[in-house]
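> The structure's right below; bear with me while I get my questions together.
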Amino acid sequence: MLVQYGYGVVGITVMFESMGLPLPAESVIIAASLYAGSTHHLEIRWIALAAVLGAIMGDNIGYLIGHHFGYGILKKHGQKVGLTEERLMLGRYLFRRHGGIVVFLGRFVAVLRVFVALLAGANRMPWHSFLFFNALGGICWAGGYAFVTYELGKQIEKITGPVGIAMAVVGVCCLIGALVFLKKNEKRLTDEALRQAEEDEKRDESRVDKKPS
């Protein structure tokens, strides 16, 4: 099944995740690339192409949804896909300061990757800027993960015994460390966003109070 539908599964999963659905796109790219590297039943260049196209197409659809429906639909239905009020606030905070960088780097951060296109559209980020940083991030993220994992997959069949077990343990430890880091980073950024929102609210109230009656 993976041989027959592998490229389509990769492309569609990445596209839907980029549109805002919490799907394991990164895991699918890694699994398909490892499979290609260890069995050679799939072509890595087509896996990478499917992932890149899925990322770019999905992000642009997500951008259009965010642009046309704005924060109304995100506040109303965001909770269903994990887009909490705090994450909405975090998105606004980040886009005010680093729009293009957020689009590019958001591709590499699990919690941002799902929502970055929706938030870019809702924040009215210029489409040409979004398209550039989105395409750049999609190519680096999808292509990078695919080819690096493929090379790892090619080496797996050569590794046996204690060395293989040791490398597997190291890989699992790295994955757990990365997940812990991302969770801590999200908490820190969310706290900063909340503080900034409170400061902005106080500043707005102060301006209203100073207006002549």
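> Name the helices (runs of 4 or more DSSP H) wholly within the range 105-188 that hold at least 1 residues that are at pLDDT below 65?
In the range 105-188, 144-156 are the helices (runs of 4 or more DSSP H) which contain 1 or more residues that are at pLDDT below 65.
> Continuing with the same structure: Any chance you could count how many residues in the range 105-132 are open to solvent by less than 30 Å² (accessible area, probe 1.4 Å) and of a type in the set (Phe, Trp, Tyr)?
The total comes to 2.
> Run down Gly20, Gly70 and say which single residue is at positive phi, at pLDDT below 80 and more than 19 Å from the chain's Cα centre (by Cα).
Gly70
> Another question, then. Pick out the one residue from Lys75, Lys80 that is in a helix (DSSP H, G or I), surrounded by fewer than 16 Cβ atoms within 10 Å (Cβ to Cβ), over 13 Å from the mean Cα position of the chain (by Cα) and modelled with pLDDT under 70.
The match here is Lys80.
> In the range 1-26, which residues are in a helix (DSSP H, G or I) and farther than 18 Å from Cys140 by Cβ?
Leu2, Val3, Gln4, Tyr5, Gly6, Tyr7, Gly8, Val9, Ile12, Thr13, Phe16, Met19
The values are calculated or read from the model by the stated rules, or taken from the named source; none is laboratory data. Here the structure is a predicted model, which means the values were calculated and not measured. Note: ideal-geometry Cβ built from the backbone for every residue, glycine included; neighbour counts use all protein chains shown. In case anyone asks, the SASA skips ligands and DNA or RNA and just uses the protein heavy atoms, side chains included. Shrake-Rupley method; radii C 1.70, N 1.55, O 1.52, S 1.80 Å.
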